[in-house]
Structure formats: C-alpha cells, structure tokens
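Take a look at the structure set out below.
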Amino acid sequence: MVAASDVYARIGDVVIRRARESDLPQVIQVNRKCLPENYPEWFFEDHLRNWGKAFYVAEAPRGKIVGYVMTRVEYGVGFVARGFVKRGHIISLAVLPEYRRRGIATKLMEAAMDSLKREYGAQEVYLEVRVSNTPAIKLYEKLGFRKIHVIPRYYFDGEDAYLMARLL
C-alpha cells in the first residue's frame, strides 16, 4: 500500500513515490540493467538513509519498480549560484527501457528537485552525464539544466561527462 503522503505523481498506472528500504533490491536491479555505472548495495542504503526525502521510485502495478532517482546534498561553491551554497546532486537516474518515453524520468527529476529544495534547502542542483547520452542531455535541458563544463575521462570506460546544473 502506498501512503498518499509519499506519492508525488501518477503517470497512467505508474506511481512516482518516495523510496523505501524494501524497494532497494529492485532499485539495484534497475541500476544494473540500465546503467554501466553500478554501485554497491551499501551506497544505495546510505543515500536512502541520509537523503531519503529526495530518493524517488517509479512503481508500476504489483509493486514493480521501473525507475528511480537517487540524490544527495552537498556544500560547496555554486556552479550557477554565487558563493558557498547547499546543492543537490543527482547521483543516478534510470528507467527500464520498456517504460521510457512516458514522462517517468521527467517526473522523477521534478520530484527529486522539489524535495531537494523544500526538504533540504538546496539552492541549486547538478549532475554528470555522458557526453554521448543525447536523450538524457535533452531531458536535462528541458528541465532547465545547462552545460557548465566537460569533465575529461569521468567514466570508467574513459568517456567524458558534462557537468550540468541549474538553480532551484
């Protein structure tokens, strides 16, 4: 049963809601299926424990997790905000291939950004994305992110990343 207070949005039969500890095995499966960058189980647990109010899942019928967004909050010099700021960091976003192009990733990102600002007081949000990942870059630009700079050889396979950021 999904508590109404945890639901951010509905897209057809998919619910965007806050993640729970019991979701983590499925979240990890989505991560491993969709992304070449995989994290150990403790990493997901740590992010849920520390920044769980901005960790969201997309749940299809029968409790199937079909996507997630994992975040954290950091302090540092702003990429778009001036001075030393509290910033949200989108660590990982993934949606199963058969559920893409439905607006799920957009709603996951909107939920995370809303919570980073409202729950944690973040002033800006940033992320890293492969320079070759055109669909993701277009999504982030649609959400107001802009390319700040290139991070050379950011990924394990040597591919560069764009650091993208926006104010909240």
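Listing for the model above:
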quantity: Single residue of the range 38-92 satisfying the filter (charged (D, E, K, R) and over 29 Å from Asp13 (Cβ atoms)) that is surrounded by the most Cβ atoms within 10 Å (Cβ to Cβ); calculated: Arg87
quantity: Which numbered condition Asp114 misses (of (1) closer than 17 Å to Ile28 by Cα; (2) surrounded by fewer than 17 Cβ atoms within 10 Å (Cβ to Cβ)); calculated: (1)
quantity: Close pairs (7 angstrom Cβ cut-off, 6 or more residues apart or separate chains): closer than 15 Å to Ser22 by Cα and at pLDDT 95 or above in the range 56-84, in a strand (DSSP E or B) and among the basic types (Lys, Arg) anywhere; calculated: Tyr56/Arg17; Tyr56/Arg18; Val57/Arg17; Glu59/Arg17
quantity: Matching residues, the range 122-141, being among the hydroxyl-bearing types (Ser, Thr, Tyr), out of contact with any His (no Cβ under 7 Å at 6 or more places or on another chain) and surrounded by 16 or more Cβ atoms within 10 Å (Cβ to Cβ); calculated: Tyr140
quantity: Members of the range 100-132 that are modelled with pLDDT under 95 and on the phi < 0 side of the Ramachandran plot; calculated: Arg100, Arg102
quantity: Selection within the range 95-144 - of a type in the set (Lys, Arg), more than 21 Å from Ile65 (Cβ to Cβ), in contact (Cβ under 8 Å) with a residue 24 or more places away in the chain and part of a helix (DSSP H, G or I); calculated: Lys117, Lys142
quantity: Residues (in contact with an Asp or Glu (Cβ under 8 Å, 6 or more places away or on another chain) and assigned to a strand (DSSP E or B)) located in the range 76-94; calculated: Val85, Lys86, Arg87, Gly88, His89, Ser92
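The values are calculated or read from the model by the stated rules, or taken from the named source; none is laboratory data. In this text the structure is predicted, and so the values were computed from the model without any measurement. Every residue, glycine as well, gets a Cβ built from its backbone with ideal geometry; the counts of neighbours run over all protein chains shown.
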